Amino acid sequence: MNGGGSEEAAEAVAAAAAPVEAPLQLEWKFAQVFGERTAGEEVQEVDIISAIEFDRTGDHLATGDRGGRVVLFERTDTRDHGGNRRDLERMDFPINRHPEFRYKTEFQSHEPEFDYLKSLEIEEKINKIKWCQSANGALFLLSTNDKTIKFWKVQEKKVKKICDMNVDPAKAAGNGPLVGPSISTSSKPYTANGGCLDKPLGLSNDFSFPPGGVSSLHLPVVLTSIETSLVPRCRRIYAHAHDYHINSISNNSDGETFISADDLRINLWNLEISNQSFNIVDVKPANMEDLTEVITSAEFHPTHCNMLAYSSSRGSIRLVDMRQSALCDSHSKLFEEQEVPGSRSFFTEIIASISDIKFAKDGRYILSRDYMTLKLWDINMDSGPVSTFQVHEYLRPKLCDLYENDSIFDKFECCLSGDGLRVATGSYSNLFRVFGCTDGSTEATTLEASKNPMRRQVQTPSRPSRSLGTLSRGFRRGADNSGADTNGNAFDFTTKLLHLAWHPTENSLACAASNSLYMYYA
C-alpha cells in the first residue's frame with residue numbers, strides 16, 4: 001500500500017516537472033458591430049468613442065464618447081437557455097456560443113463647461129468609465145471628463161400610466177373635445193374658483209351623456225404597468241479636486257473607495273462622500289521648473305485594497321502601499337527598464353512614456369503600454385520586464401514625422417485576458433495586436449477592426465520565449481519591420497485604435513474604431 005502511494009507521489013512530481021504546453025494560437029472571428037460607418041460617411045467629432053469598459057461579470061459593456069455620452073450594452077446570448085446553473089450543467093450544453101450584446105440605454109453624463117477663474121474650457125469628453133458593484137438589480141458606474149467625476153445609477157423602473165375613464169370620448173355628440181378648455185377668452189361670468197356659470201362644469205357644449213346616464217364614473221387612477229424603462233440618475237458629483245486633467249479613475253477592491261489621478265496628484269475618495277477627498281500621491285515640485293515627470297495612469301490592485309500602482313512619463317511604474325503613510329511620497333517598488341548605453345536620442349523619453357497600465361486578474365503581473373511596446377512586469381521582480389512585445393518597431397525610422405504631426409503623443413490602451421494567457425493593444429490603420437504571454441508561446445496576431453478581422457493580418461516572426469522562472473531580462477518578439485501590411489497597403493496614422501477591452505472571463509474583445517464598436521471572439 002505504501003508502495004502504491006510512493007508511485008502516485010512520483011507520478012505527481014513528474015507531472016509537475018513536465019513543461020506546460022503553450023496554448024494554441026486563437027482564431028479570432030467577427031461577432032458584432034455597433035455604429036458602423038457607411039462608405040464615405042463623415043464622422044462627427046462628438047461621436048468618436050473615447051472610453052470602453054466591461055463590468056466584472058462581462059454581461060454589461062459601457063462606452064463613452066467625446067460628446068459626453070455614456071452608452072450601455074448588455075449581453076443577450078446567456079439568456080437564451082433559461083434555468084439555473086445546475087440545470088444548464090445537466091443539459092451538457094456546450095458553452096461556446098457566439099457572444100451577443102444589444103443596446104441597453106444611453107445618457108448624457110457630462111456637458112461642456114467653462115472655468116471662469118482660469119478662462120478655461122472644459123470639454124465634455126469622457127476620459128474613463130469604471131463599473132462599480134451592482135445592487136438590487138441596479139447598475140452603478142463612475143465616469144469622468146477632465147475635471148469632474150460622476151457616480152451614476154441605472155435602474156429599471158416600472159412605467160406608471162393613468163387608467164382609462166369609462167366615459168368614452170368617441171361617443172360624445174359632435175366633434176368637440178370631451179373636456180372644455182382650461183383658458184377661455186370669452187366674457188362669461190365665472191365663480192370665485194374659476195368655474196363658468198353658463199355651462200356644465202368642465203364639459204364642452206357638444207358633450208351629451210349616454211341614454212340612461214353613467215352608472216358609475218371612474219376617476220383617473222395611476223396604475224403601475226408591467227412595462228419598464230431604464231432610468232439613469234446621477235447619485236453624486238466629485239468635483240473641484242484636480243487642477244490638472246484627470247487621466248485615470250480606479251475602483252478599490254473594498255467596494256467603498258476609488259482613486260482619481262491627474263498629471264501631478266492622486267486623490268482617494270469614498271463613494272458616499274463627494275465633498276471630500278484625500279491626496280495620497282503628490283509629485284508636484286516646489287518649483288515647477290524642476291518638474292521631470294508626470295503621472296500618466298493609475299490603478300488599484302485587484303485584491304489588495306491597500307496597494308496601487310501608477311506610471312509616469314519617464315517609463316517607470318511605482319507600486320505604493322497606503323499602509324506606510326498618509327501621503328505616499330515613497331514607493332514600495334519601482335519598475336523600470338534600464339536604458340541601453342548609446343541608444344539615447346531626442347525621442348527616447350517621449351516614446352518611453354507609459355500611456356496605460358493594467359493589473360492581471362490575480363494581481364501578480366502588471367501590463368504597461370508605451371508608444372513602441374507592451375511590457376509585462378512581475379511585481380515580485382523589479383529588475384526588468386519579464387516580457388516585451390514589439391508593437392511599433394516599424395515606426396522607429398518615422399519618429400521625426402510622427403513628432404511633427406503629434407502622432408507620437410497618441411495614448412494607446414492595453415488589456416489582459418481574464419486567464420492571463422494573452423495581452424492586447426491597438427495600433428494605427430484600425431489594427432490591434434494580440435500576443436501570447438505564457439512560456440513557449442509564439443502567438444503574435446495582427447487584426448483589423450472590421451467585419452473581416454483577418455483581412456490585413458501581418459505574419460510576424462516570433463522568437464521562442466524562455467521560462468518566466470529563468471528570466472533575468474525580458475524577451476522581445478513580434479517585431480514589425482515594415483510600414484505596410486501584407487497587401488501592400490500603407491499604414492494610416494489618422495485612423496487609430498486607442499481603446500479596447502477584454503471580456504473578464506472569455507476570449508472576447510471589444511474595440512473602438514472611431515465611432516464604431518467592434519466585437520470579436522475566439
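The values are calculated or read from the model by the stated rules, or taken from the named source; none is laboratory data. Here the structure is a predicted model, which is why all the values come from computation and not from measurement. With ideal geometry, Cβ positions are generated from the backbone for all residues, glycine too; neighbour counts draw on all protein chains shown. Surface areas here come from the heavy atoms of the whole protein model, side chains and all, with no ligands, DNA or RNA. Shrake-Rupley method; radii C 1.70, N 1.55, O 1.52, S 1.80 Å.
Some observations on this one:
- FRET efficiency for the pair Phe114 and Asn306, taken as 1/(1 + (r/R0)^6) with r the Cβ-Cβ distance and R0 = 35 Å, rounds to 0.35.
- Applying 1/(1 + (r/R0)^6) with R0 = 41 Å to the Cβ-Cβ distance of Arg235 and Asp401 gives a FRET efficiency near 0.30.
- Between Thr228 and Asp282, the simple label model (points 7 Å from Cα in the Cβ direction) yields a spacing of 4.7 nm.
- With a cut-off of 13 Å between beta carbons, the residues surrounding Asn380 carry a summed charge of -1, where Lys and Arg count +1 and Asp and Glu -1.
- Using heavy atoms of the protein chains and a probe of 1.4 Å, the accessible area assigned to Leu327 is about 70 Å².
- Unsatisfied cross-links (Cα-Cα over 23 Å) in the set Lys104/Lys158; Lys375/Lys411; Lys104/Lys130; Lys104/Lys361; Lys125/Lys153: Lys104/Lys361
- Loop-resident trypsin sites (Lys or Arg not before Pro) (DSSP state other than H, G, I, E or B) in segment 267-351 with no more than 12 further Cβ atoms inside 10 Å of their Cβ: Arg323, Arg344.
- Spacing of the modelled spin labels on Ser343 and Gln324, each 7 Å from Cα toward Cβ, amounts to 2.8 nm.
- Surface share of carbon and sulfur [accessible, 1.4 angstrom probe, percent] for segment 295-359: 53
- Using a probe of 1.4 Å on the protein chains alone, the accessible area found for Leu120 is around 60 Å².
- Rel. contact order, % - alpha carbon contacts under 8 angstrom, at least six apart, segment 321-384: 28
- Of the GluC sites (Glu not before Pro) in segment 302-355, those whose Cβ has at most 16 other Cβ within 10 Å and which sit in DSSP loop: Glu339
- Rolling a 1.4 Å probe over the protein heavy atoms gives segment 367-409 an accessible area of 34 Å² per residue.
- Full extension of the chain between Tyr244 and Leu421 gives 60.1 nm of extra length, using 0.36 nm per residue less the Cα-Cα distance.
- FRET efficiency, 1/(1 + (r/R0)^6) with R0 30 Å, evaluated for Ser253 and Asp290 via beta carbons: 0.25
- The largest accessible area among Thr494, Thr144 belongs to the first residue in Thr494, Thr144, and the rest follow in falling order (1.4 Å probe, all chains).
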